[in-house]
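Have a look at the structure below, then the notes.
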Amino acid sequence: MTHLTAATVPAAPVNGIGEEALVHSLLELLERAGCDVDWDPESAKSAIKRASTILQVELERTSILQGMDGGGLAPWQVRRVTAYMEEHLSEHISVKKLGEVARRSASHFCRAFKRTMGETPYSFITRRRLALAQRMMLTSDAPLSEIAVTCGFSDQSHFTNRFRGATGQSPAAWRRERRERTGRFKERSPTAACPLGVKPQ
């Protein structure tokens with residue numbers, strides 16, 4: 001039997017009609033199970049499982065909605081905080097400062113951020129720094145040590161450890177593999193590397 005999740009079951013309308021329809025559907029399934037239990041046990045089990053799945057999904061959905069309404073970040077706070085993070089990736093970003101940006105205490109901000117974004121502020125910042133580093137590695141010839149500092153890592157070793165943990169590869173291997181795959185950064189001949197109109201000596 002296919003496992004249903006909150007994403008695969010349409011949300012019931014938030015009104016009396018939607019709730020009533022949900023109740024009727026559950027009652028119908030249970031009544032069918034009651035009728036089939038003696039002469040078709042498998043059909044009865046199937047109806048009970050469907051009813052149970054619907055109830056479970058609705059309980060999970062309600063729990064998620066309550067969590068969103070109970071202490072998460074408001075949309076304006078998410079915009080301000082993420083914009084601040086993006087603008088200061090190369091710097092040290094403290095939770096205290098992020099709390100000030102969101103106008104919340106540091107501890108309250110951490111809980112609200114994780115509830116809203118599904119990860120801690122530190123995890124989010126690290127992901128964004130790694131994404132920036134990947135763009136730099138593919139669009140520039142900057143050394144890894146320079147990229148590491150530019151993206152907010154303390155040094156190349158710190159960068160390498162975080163990158164390997166996220167991708168399973170070292171930054172150097174990741175960069176080399178993608179350059180070879182695209183051919184965009186293959187070594188050019190001396191003639192091609194010279195400015196337009198200047199011949200190599």
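The values are calculated or read from the model by the stated rules, or taken from the named source; none is laboratory data. Everything quoted here is computed from the prediction, not taken from an experiment. We place every Cβ from the backbone using ideal geometry, glycine too, and count neighbours over all the protein chains shown. These area figures cover heavy atoms from the full protein model, side chains too; ligands, DNA and RNA do not enter into them. Shrake-Rupley method; radii C 1.70, N 1.55, O 1.52, S 1.80 Å.
With every protein chain kept in the model, how would you rank D40, D155 by accessible area, 1.4 Å probe, largest at the top?
Order by accessible area, largest first: D155, D40.
With a sphere of radius 13 Å drawn around the Cβ of R32, what net charge do the other residues whose Cβ falls strictly inside it have (Lys, Arg +1; Asp, Glu -1)?
-3
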